[in-house]
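Student: Please find one structure pasted underneath; my questions will follow.
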Amino acid sequence: MFDFDNFKKVNDALGHDFGDAALCEVARLLDENFAGAAFRYGGDEFVVISTERQDEIIRRCEQINKELAEKYTEISVQLSGGFYFPRSKEETYEDYLKFADRALYQAKSDGKGRFIFYQGE
C-alpha cells in the first residue's frame with residue numbers, strides 16, 4: 001500500500017490540476033515498476049499486488065521516489081509504502097490490506113518517504 005506524501009500541500013500550493021497530473025504520474029510509475037497489478041485505492045493511496053522479493057520492492061520504490069524528485073523539483077513529491085506478505089491460507093484480502101496499512105502508518109510516522117514491511121504484533 002502506498003500513500004502520496006503531503007498530497008494536500010501539493011494541491012494547495014500548485015492547484016488541483018497539478019495534483020491530478022501528479023497522481024496520474026504516480027499511477028504510471030507504479031504500474032511500470034511492478035510486475036502484477038496497481039490500483040488507486042482512494043484519495044492519494046494506491047495498492048500494488050506483486051510477487052516481488054522484499055529487496056526488489058525496496059529498490060523499485062526508491063527508484064520511483066528518485067524519478068518523482070527529478071520530475072517535480074518545485075515541491076516534494078514522494079511516496080511512503082507499507083507492505084505485507086501473507087503468512088497463511090486462512091488470511092483474507094482484508095487482512096492483507098489491514099497489515100499493509102499498519103506498515104504504511106509506521107512508515108509515515110517514521111518520517112515519510114519510507115518503506116516498511118509489516119512484521120506482526
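Student: From the list GLU70, GLU62, which residue is more than 12 Å from the chain's Cα centre (by Cα) and either at pLDDT below 95 or surrounded by fewer than 14 Cβ atoms within 10 Å (Cβ to Cβ) (or both)?
Tutor: Result of the check over GLU70, GLU62: GLU70.
Student: Here is a further query. Any residue that is under 23 Å from TYR96 (Cα atoms) and hydroxyl-bearing (Ser, Thr, Tyr) - is there at least one of those in region 65-76?
Tutor: Scanning region 65-76, I find no residue that is under 23 Å from TYR96 (Cα atoms) and hydroxyl-bearing (Ser, Thr, Tyr), so the answer is no.
Student: Can you pull out every residue in region 73-121 that is surrounded by 13 or more Cβ atoms within 10 Å (Cβ to Cβ), over 16 Å from VAL47 (Cα atoms) and among the polar types (S, T, N, Q)?
Tutor: Selection gives SER76, GLN106.
Student: Of (1) free of Cβ contacts under 8 Å to residues at least 12 places away in the same chain; (2) under 17 Å from ASP5 (Cα atoms), GLU74 satisfies all except one. Which?
Tutor: (1)
Student: Quick check on my filter: what residues within region 1-59 are at pLDDT 95 or above, among the aromatic types (Phe, Trp, Tyr) and either out of contact with any Leu (no Cβ under 8 Å at 6 or more places or on another chain) or farther than 16 Å from SER76 by Cβ (or both)?
Tutor: PHE46
Student: Taking the criterion of being hydrophobic (A, V, I, L, M, F, W, C) and over 19 Å from TYR118 (Cβ atoms), would at least one residue in region 46-61 satisfy it?
Tutor: no
Student: Here is a follow-up. So for region 18-34 (the condition being surrounded by 20 or more Cβ atoms within 10 Å (Cβ to Cβ), touching a residue at least 12 places away in the same chain (Cβ under 8 Å), within 15 Å of the chain's Cα centre (by Cα) and more than 26 Å from PHE99 (Cβ to Cβ)), does at least one residue qualify?
Tutor: Checked region 18-34: at least one residue is surrounded by 20 or more Cβ atoms within 10 Å (Cβ to Cβ), touching a residue at least 12 places away in the same chain (Cβ under 8 Å), within 15 Å of the chain's Cα centre (by Cα) and more than 26 Å from PHE99 (Cβ to Cβ).
Student: If you scan region 35-59, which residues turn out to be without any contact (Cβ under 8 Å) to a residue 40 or more places away in the chain and surrounded by 19 or more Cβ atoms within 10 Å (Cβ to Cβ)?
Tutor: Of everything in region 35-59, just one residue is without any contact (Cβ under 8 Å) to a residue 40 or more places away in the chain and surrounded by 19 or more Cβ atoms within 10 Å (Cβ to Cβ), namely ALA38.
The values are calculated or read from the model by the stated rules, or taken from the named source; none is laboratory data. The structure displayed is predicted, hence computed values, not measured ones. Every residue, glycine as well, gets a Cβ built from its backbone with ideal geometry; the counts of neighbours run over all protein chains shown.
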